[in-house]
Amino acid sequence: MHSAPADAQARDSDILALLQSGALEPAFQQVLARYQDKVYRLCRALLRDPTAAEDAAQESLVRIWKAIGSYDQRASLSTWIYAITRNRCLTAIERRRDLASLSDAAVEAEAHSLQQLQGELPGSAGGEPDDDAELLRELVDLLPERHRRTLTLFYYEDRSVSEVASMLGVPEGTVKTTLFRARAALAEQLRRRGLDDPRHWLETSR
Amino acid sequence: MNPKDECMNTDPPRGARLDAPVDAPVDAPVDAPVDAPLDTALDKALARVLPPPSPPPGFQARVNAALARAQLSDAGRAASRALALRDQRSQIAALDADYLRLRRRTLGTLIGGAFAAGAAVAVAYPYLQATFGPNAIFVLACVGALVGIGIGSASWIGRLRLISHLERRLGRL
């Protein structure tokens, strides 16, 4: 069985060959073609806000371009790219945290989301599939941050645990554990709302 | 293993704690038994409500513009660095040239002074001998010493004045 970084390294062998030959521009073009969407999705999963995600993705790609000449292949290319992206997102989160103060509105919003989580959300048993999809999306948003971003990335990345692990820079076992807990928490919330009939969700997913 | 099958693995992963109370907050380990049909249905529903987002329209163009800006600023930085280096090199060359010129001038002054002193002695010595007799050589030596001390003192006084002048100027700044 191959490890995920080894697979990623094999997948990026053409880019590595270009880098070794000093062809930075074509190598970066390949990086853009292969990783641009993934970088954006990682930013979306980490930052939620589409505008902030776009800015962070753009900054990450510029930073990758500036640093690609000094990439030393100690880590796989994808690991290196995702690490740069995560750092940009962390910077964006820090910046946002500095700007945001714990105003009354923020406290109110926090309290509202907690109430929703406690089950005071309007019941949606027997509602339309779109309402259920919306409810599910809201429940995912209300998950603890680590669970939310792992679960979100898992579906963004076509259910690839190894890719999510590489993107978040954590072991695959951690991703599996987090996914298990996130899904169990979601199932528990659905049970509390009387929405734990599998057929109901199979209809929703149609 | 097919990545798509990974989500169907409903076994609790290694390390998951199964002893949490029912009303535990959602981030705590849960002890609810895994409902396989619900998990499968939920997986499909989640795949539907969490589609991979595509970058917004124009993202590629904006990235290219940002890259072009970055390249321009890099080029600008490189150009100003080269300019500063060239400037520094020319200033160092000018300083070196000044130093050499100063040393040449000093050497010239010394040689010129020695010849002038020799000529002055050649002219003055017969007169001194006539006036002071055998002590003329001591008189000449004393005059030489006085002139030397005078030049040295003047040089030091000038240097001290220059230093205090510079200190005053710098103090004003």
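Only residues that are at the interface with another protein chain (Cβ under 8 Å from one of its Cβ atoms) and either among the small types (G, A, S) or within 21 Å of B:P55 (Cα to Cα) (or both): list them for the stretch A:60-80, please. Hits for the stretch A:60-80 are A:L61, A:V62, A:W65. Taken together, the residues in the stretch A:19-30 that are in contact with a helix residue (DSSP H, G or I) (Cβ under 6 Å, 6 or more places away or on another chain) and either crowded, with 17+ Cβ neighbours inside 10 Å or polar (S, T, N, Q) (or both) amount to 4. Of all the numbered requirements in (1) at the interface with chain B (Cβ under 10 Å from one of its Cβ atoms); (2) at pLDDT 90 or above, A:L190 misses one, and that requirement is (2). Within the stretch B:37-56, residues that are more than 20 Å from A:A45 (Cβ to Cβ) and in contact (Cβ under 8 Å) with a residue 12 or more places away in the chain have Cβ atoms under 7 Å from residues that are surrounded by fewer than 16 Cβ atoms within 10 Å (Cβ to Cβ) and of a type in the set (A, V, I, L, M) in these pairs: B:T40/B:M8, counting only partners at least 6 apart in sequence or on another chain.
Condition check for A:E145 on (1) within 18 Å of A:C89 (Cβ to Cβ); (2) at the interface with another protein chain (Cβ under 7 Å from one of its Cβ atoms); (3) over 9 Å from the mean Cα position of the chain (by Cα): one failure, at (2).
Output yes when any residue across the stretch B:147-159 is at pLDDT 90 or above and of a type in the set (A, V, I, L, M, F, W, C), and no when none is. Yes, the conditions are met somewhere in the stretch B:147-159. Restricting the stretch A:168-187 to residues that are more than 7 Å from every other protein chain (Cβ to nearest Cβ) and either of a type in the set (G, A, S) or at positive phi (or both) leaves a set whose member that is farthest from the chain's Cα centre (by Cα) is A:A182. Set side by side, the residues A:L102, A:L114, A:L90 differ, and just one is at pLDDT 85 or above and either of a type outside the set (F, W, Y) or closer than 20 Å to B:A66 by Cβ (or both), which is A:L90. Residue-level check: of (1) away from every other protein chain (no Cβ under 14 Å); (2) outside any helix (DSSP H, G or I), B:P57 misses just (1).
Residues in the stretch A:23-37 that are of a type in the set (A, V, I, L, M) and under 12 Å from B:N64 (Cβ atoms): A:L32 only. Could you tell me whether the stretch A:155-173 includes any residue that is surrounded by 15 or more Cβ atoms within 10 Å (Cβ to Cβ) and at pLDDT below 75? No, that holds for no residue.
The values are calculated or read from the model by the stated rules, or taken from the named source; none is laboratory data. Given the structure is predicted, the values throughout are model-derived calculations rather than measurements. For neighbour counting, all protein chains shown are included, and Cβ atoms are generated from backbone atoms with ideal geometry for every residue, glycine included.
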